[in-house]
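Please read the structure below before turning to the comments.
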């Protein structure tokens, strides 16, 4: 753990122990740096993290104040989580059914998104995810064959795709661009999720996933029943 992260934890503990109450001003930057025996630059980095977490308010030229933190919100879209993780966080038991795993020709849409040649080989994985025995998501995952090789032939795939790619292909999913779409009711994947009701609401997340080198490694269509999943975004005024 780096120095400023350690100081951040120390400050958090002091706030939790009410060394300073909400609304109170912290000691000066000089006093705090001296107290922790760190440079003022290290202290500033720690305070900046706490400001980003919504626990401190820095008023330049006036001082730094303890503020009431915002309540946590569930399923924040800013956080990249696997479908399985979201199901578990909802307190439900996850199972899945693999519908298809195989190699197909890359379509024009996939080629543009994954930055590969149209017609090249991609690995396509389709599966239904269940929560407490009820179908709640249908996922279609597209991966360049050149990246994943024969991983899906070599090893049995189940559970988290993120974990599988990391273990079998040394691919670490670091971030994703997500588009939210309301798919038409006649979409064949929506049909698979209808809970014996014509109007079962479904949300589609089109997601392009990148690794730590910002390579396009996974394109996903995740159909999620919106009567089961709820998503939140915390927006800030700039």
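The values are calculated or read from the model by the stated rules, or taken from the named source; none is laboratory data. All figures in this text were calculated on a predicted structure; none of them were measured in a lab. Here the Cβ positions follow ideal geometry from the backbone for every residue, glycine too, while neighbour counts run over all protein chains shown.
Listed by position, the helices (runs of 4 or more DSSP H) enclosed by segment 136-238 that each have at least 3 residues that are within 25 Å of residue 109 (Cβ to Cβ) and either in contact with a helix residue (DSSP H, G or I) (Cβ under 9 Å, 6 or more places away or on another chain) or in the same structural domain as residue 98 (by TED's automatic domain parsing) (or both) are 145-148, 161-169, 188-193.
Can you tell me which residue among 113, 95 is closer than 24 Å to residue 210 by Cα and within 25 Å of the chain's Cα centre (by Cα)? So that I can check it myself, show each step before the final result.
Working: 95 fails: closer than 24 Å to residue 210 by Cα.
Criteria check complete, one pass: 113.
Please specify each residue of segment 20-44 satisfying the condition of being assigned to a loop (DSSP other than H, G, I, E, B), surrounded by 13 or more Cβ atoms within 10 Å (Cβ to Cβ) and without any contact (Cβ under 8 Å) to a residue 40 or more places away in the chain. Those that are assigned to a loop (DSSP other than H, G, I, E, B), surrounded by 13 or more Cβ atoms within 10 Å (Cβ to Cβ) and without any contact (Cβ under 8 Å) to a residue 40 or more places away in the chain: 27, 38. Against the definition (assigned by TED's automatic domain parsing to the domain that holds residue 132 and in contact with a strand residue (DSSP E or B) (Cβ under 6 Å, 6 or more places away or on another chain)), how does residue 99 come out, yes or no? Spelling it out, residue 99 is indeed assigned by TED's automatic domain parsing to the domain that holds residue 132 and in contact with a strand residue (DSSP E or B) (Cβ under 6 Å, 6 or more places away or on another chain).
Yes or no, residue by residue, for (1) within 30 Å of residue 200 (Cα to Cα); (2) more than 22 Å from the chain's Cα centre (by Cα):
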{"site": "89", "(1), (2)": "yes, no"}
{"site": "103", "(1), (2)": "no, yes"}
{"site": "137", "(1), (2)": "yes, no"}
{"site": "147", "(1), (2)": "no, no"}
{"site": "165", "(1), (2)": "no, no"}
{"site": "170", "(1), (2)": "no, no"}
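Restricted to segment 45-102, and to residues that are without any contact (Cβ under 8 Å) to a residue 24 or more places away in the chain and surrounded by 13 or more Cβ atoms within 10 Å (Cβ to Cβ), which residue is farthest from residue 158 (Cα to Cα)? Only one residue tops the list, namely 58.
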